[in-house]
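Taking it in order: structure first as structure tokens, then the write-up.
The values are calculated or read from the model by the stated rules, or taken from the named source; none is laboratory data. Because the structure is predicted, anything quoted here is derived from the model rather than measured. Cβ placement follows ideal geometry from the backbone for every residue including glycine, while neighbour counts extend to all protein chains displayed. Remember, those area values only see protein heavy atoms, side chains included, never the ligands or the DNA or RNA. Shrake-Rupley method; radii C 1.70, N 1.55, O 1.52, S 1.80 Å.
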Amino acid sequence: MAALLAFTIGHTSYTIYLPIWMIHVCLMLLAAWVLSSKALPSQDEDTKQLVICAYLFVIPWVFIALFGGMGPPPATAEGWVATAIEQQVRYAILLGSGVFFTLGFALLRNQLKRTG
């Protein structure tokens, strides 16, 4: 849904893309919950760490989907000034996503190292 919005419409008003993004977030969280519902109650620590690792890889995409309504970054300085708050949000999402991906890869590395 986010990709369709990004490629067909580009930059839109936040009053349009935020509700669509919220629906997208709810669907992604529901899918993650359904897929991990059998593994979370497990007493096996390895399984729980794999689920946490998977969540650390999914969470950034929940926020990156917000880029769909923002469209591509502006090409001019005037465009950056006109959308300054959106650009700050974009930067924060990219920074936070990088941290989540790094944590996910670190946990995955430890998990793979333990299993041999």
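How large is the dipole of the chain about the Cα centre if only Lys and Arg carry +1 and Asp and Glu carry -1, each at its Cβ, rounded to the nearest 20 debye?
Working: 6 positive and 5 negative charges, 63 e Å.
For this selection, approximately 300 debye.
Once R0 is set to 25 Å, what does the formula 1/(1 + (r/R0)^6) return for the Cβ-Cβ distance between Tyr91 and Met22, expressed as a FRET efficiency to the nearest 0.05? Before the final figure, lay out each step's value.
Details: r = 21 Å, r/R0 = 0.85.
Here the calculated transfer efficiency is 0.70.
At 1.4 Å probe size, put Val62, Val34 in order of accessible surface, largest to smallest. Each step should come with its number before you reach the end.
Details: Val62 10, Val34 80 Å².
The ordering from most to least exposed comes out as Val34, Val62.
Calculate log10 I(q)/I(0) of the stretch 2-106 for q = 0.12, 0.13, 0.19 Å⁻¹, where I(q) comes from the Debye formula with a single equal point scatterer on each Cα and nothing for solvent.
-0.50, -0.57, -0.98
What area, in nm² and to one decimal, does the C-alpha convex hull of the stretch 34-89 cast on average over all directions?
Details: hull surface 21.1 nm².
The number I arrive at for the stretch 34-89 is 5.3 nm².
What part of the accessible area of the chain, given as a whole %, is carbon or sulfur when the probe is 1.4 angstrom? Don't skip to the end; give the middle numbers.
Numbers: 5870 of 7780 Å².
Percent of accessible area from carbon and sulfur atoms in the chain: 75.
Return the calculated 222 nm mean residue ellipticity for the chain, to the nearest 500 deg cm²/dmol, obtained by summing -39500 (n - 2.57) across DSSP H runs with n ≥ 4 and dividing by the residue count. Write down the numbers at each step before the final one.
On the way: 6 runs with 92 residues, N = 116.
My calculation for the chain gives -26000 deg cm²/dmol from helical runs alone.
If you consider only alpha-carbon coordinates, what radius of gyration and Dmax does the stretch 7-62 have, in Å?
Spelled out, the Cα radius of gyration and Dmax of the stretch 7-62 are 15.3, 47 Å.
Arg109 versus Val34, label points 7 Å from Cα toward the beta carbon: distance in nm?
3.5
Give the accessible surface of the chain per residue, rounded to a whole number of Å², with probe radius 1.4 Å and ligands, DNA and RNA excluded. Can you show the working numbers first?
On the way: 7780 Å² over 116 residues.
Counting only protein heavy atoms, the per-residue value for the chain is 67 Å².
Going from most exposed to least, what order do Tyr55, Tyr17, Tyr91 have by accessible area with a 1.4 Å probe?
Ranked list, largest accessible area first: Tyr91, Tyr55, Tyr17.
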